[in-house]
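The values are calculated or read from the model by the stated rules, or taken from the named source; none is laboratory data. Given the structure is predicted, the values throughout are model-derived calculations rather than measurements. Cβ coordinates were reconstructed from backbone atoms using ideal geometry, including for glycine residues, and neighbour counts include every protein chain displayed. Heads up: the accessible areas ignore ligands, DNA and RNA and are worked out on the full protein's heavy atoms, side chains in. Shrake-Rupley method; radii C 1.70, N 1.55, O 1.52, S 1.80 Å.
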Amino acid sequence: SIPAGQMVAIIGRSGAGKSTLLRCMNGIIPVTSGQIAINDVGITEATPRERMIARRRIGFVSCVSA
């Protein structure tokens with residue numbers, strides 16, 4: 001759980017699954033177990049429209065260091 005207004009950074013080495021986690025959170029790729037809920041919307045069970053609405057309330061920033 002992440003409280004409202006909280007900012008979280010996901011860090012780790014290459015291949016650790018950071019991008020996969022974000023894709024699961026966006027509903028782009030399905031999860032194989034467990035559940036993801038964002039703003040009380042169950043992304044794993046949501047319709048495509050519900051996922052689209054939930055995505056509009058989430059911000060993702062990708063950063064690549066050289």
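General observations
- Simple label model, 7 Å out from Cα along Cβ direction - Ser14 to Glu50, nm: 3.9 nm
- Dividing the helix sum by the residues of the chain, where each DSSP H run of 4 or more adds -39500 (n - 2.57), gives a mean residue ellipticity at 222 nm of -7000 deg cm²/dmol.
- Charged neighbours of Ile2, selected by a Cβ distance under 14 Å, balance to 0 (K, R count +1; D, E count -1).
- Surface exposure of the chain, expressed per residue as accessible area with a 1.4 Å probe, stands at 86 Å².
- Highest-first arrangement of 42-52, 19-29, 1-11, where packing means the average Cβ count within 10 Å: 19-29, 42-52, 1-11
- Label point at Arg57 placed 7 Å out along Cα→Cβ; residues across segment 3-44 whose backbone nitrogen lies under 13 Å: 4-5, 37-43
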